[in-house]
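Read the figures in this text as sums done on the coordinates, not as results from a lab. All values reported here derive from a predicted model rather than from experimental measurement. Here Cβ is always computed from backbone atoms with ideal geometry, including for glycine, and neighbour counts include all displayed protein chains.
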Ligand code: MG
């Protein structure tokens, strides 16, 4: 009798930011969903996989499923995870006797975990992968601790979870009839009197929940690419003052071959540094008349384009502009919006700060403006 898999991929990713479903975001250049999909698809004993996806992700998910042929199909999910899993169960063929339910947001599931949880399920009808809790857990009401739970009995439950199919289907049917909603499938079986066995999982089997998790994963994920850029331009009369693409009315401006946008230059250098692609001096030499008076935000756009050609995309930027005068805060929102647009980033991932140097040094004397930028890149 066959083993089927329901891969839950219909989460709304509210904690992730951005509009993209997290299971489609790249981890080391591969969509998160593709990791667990290929692990299950390569299990010789898995006969069928049903991916439950959001309507808006159907095309993208079907594209990933195609690689595995008829073994993998995609169905549209429901409002809650529980309803989505139920819809997935209904799409499994009549030969499937055992079901594995897995969250697509856990990319680091291994074949060993799958085999262990399935073996336990075949003996006890329901089993889950879990790890002992390492933090101390307290029950809190309002902001007051009510009690501390004894840690030796606490386990953090993960997926995959494995079930005798008819047991899980009847638990879902009862829950639907009674309007009960829980957060994992074992809880349904427990609620209707079933016994669930725990199998030791692995702390690396994390659920990708926030953007920060994209950089985690038991050492399997390379560190993100980080770049730093620094630039200075001299303040003179008779020049425009342009910072991050915004022209600021002031009696002095910045001297340079291009528009001398020191902020755009620092960000460009940070991007090129992170990608190992040199600096803007290499790319746009100030001896080339083509760049005389150039709009540095357009050049920044060309840097982003070059990164794209190398399979890289900015993830966030943090920029500090060092100027004694003029006061820059009125232009802050406009600068952030402009940078976000050129870098293809939501404003939440564009950091911008202004500082003086308390009258010290060349910036303090108003002889020049400096800018420091740090960026991170992801592979796409
Ligand atoms: Mg410069």
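Do me a favour and compute the ellipsoid semi-axes for the stretch 225-379 from its Cα gyration tensor, root of five times each eigenvalue, largest one first, whole Å.
24, 17, 13
Taking R0 as 51 Å, what's the FRET efficiency between residue 154 and residue 66 from their Cβ-Cβ distance, rounded to 0.05? Calculated transfer efficiency: 0.80.
Here the contact order of the chain, divided by its residue count and restricted to Cα pairs under 8 Å and six or more residues apart, works out to 15 percent. Ordering 49, 321 by the number of other Cβ atoms within 10 Å of each residue's own Cβ, fewest first, gives 321, 49.
With an a/c value of 1.5 or above and a/b not larger than b/c for the gyration tensor axes a ≥ b ≥ c computed over the alpha-carbon atoms, the stretch 97-192 is described as oblate.
Write down, largest first, the equivalent ellipsoid semi-axes of the chain in whole Å, where each equals the square root of 5 times an eigenvalue of the alpha-carbon gyration tensor. Spell out each step's value before the answer.
Values: eigenvalues 565, 106, 56 Å².
Over the Cα atoms of the chain, the semi-axes work out to 53, 23, 17 Å.
The antiparallel fraction among DSSP beta bridges confined to the chain stands at about 60%. When the Gaussian network model of the chain links Cα atoms closer than 10 Å, the mean-square fluctuations of 89, 154, 343 top out at 154. Each Cα pair under 8 Å and six or more residues apart adds its sequence gap; the mean of these over the residue count of the stretch 2-219 is a relative contact order of 23 percent. Share of antiparallel DSSP beta bridges in the stretch 2-219, in percent to the nearest 5? Within the stretch 2-219, antiparallel bridges account for around 40 percent of the total.
Counted by neighbouring Cβ atoms within 10 Å, the residues 235, 58 run from fewest to most as 58, 235.
From the alpha carbon centroid of the stretch 271-343 to that of the stretch 114-129 is 54 Å. Along its three principal directions, the equivalent ellipsoid of the stretch 2-219 from the Cα gyration tensor extends over semi-axes of 26, 22, 18 Å, largest first. Modelled this way, with points 7 Å down the Cα-to-C-beta line, the labels at residue 30 and residue 112 are 1.8 nm from one another. Inter-label distance, residue 348 to residue 250: 3.2 nm, where each label sits 7 Å from its Cα along the C-beta direction.
Assign one of three labels to the stretch 231-313, namely rounded, prolate or oblate, based on the Cα gyration tensor with a ≥ b ≥ c the square roots of its eigenvalues; rounded applies when a/c is under 1.5, prolate when it is not and a/b is larger than b/c, and oblate otherwise. It comes out prolate by the Cα gyration axes. Rounded to the nearest 500, the 222 nm mean residue ellipticity of the chain from helices alone is -8500 deg cm²/dmol, with -39,500 (n - 2.57) taken per DSSP H run of at least 4 residues.
Taking 25 Å as R0, compute the FRET efficiency from the Cβ-Cβ separation of residue 357 and residue 286 and round it to 0.05. Don't skip to the answer; put the middle values down first.
Numbers: r = 26 Å, r/R0 = 1.04.
Step by step, r from the Cβ atoms, then E = 0.45.
Bridges between two residues of the stretch 225-379, per DSSP, are antiparallel at a rate of about 80%.
Note on the chain: with a GNM built from Cα contacts shorter than 10 Å, the maximum mean-square fluctuation among 63, 229, 179 falls on 179.
What FRET efficiency comes out for the pair residue 182/residue 20, r = Cβ-Cβ distance, R0 = 25 Å, nearest 0.05?
Numbers: r = 27 Å, r/R0 = 1.09.
Efficiency, from the Cβ-Cβ distance: 0.35.
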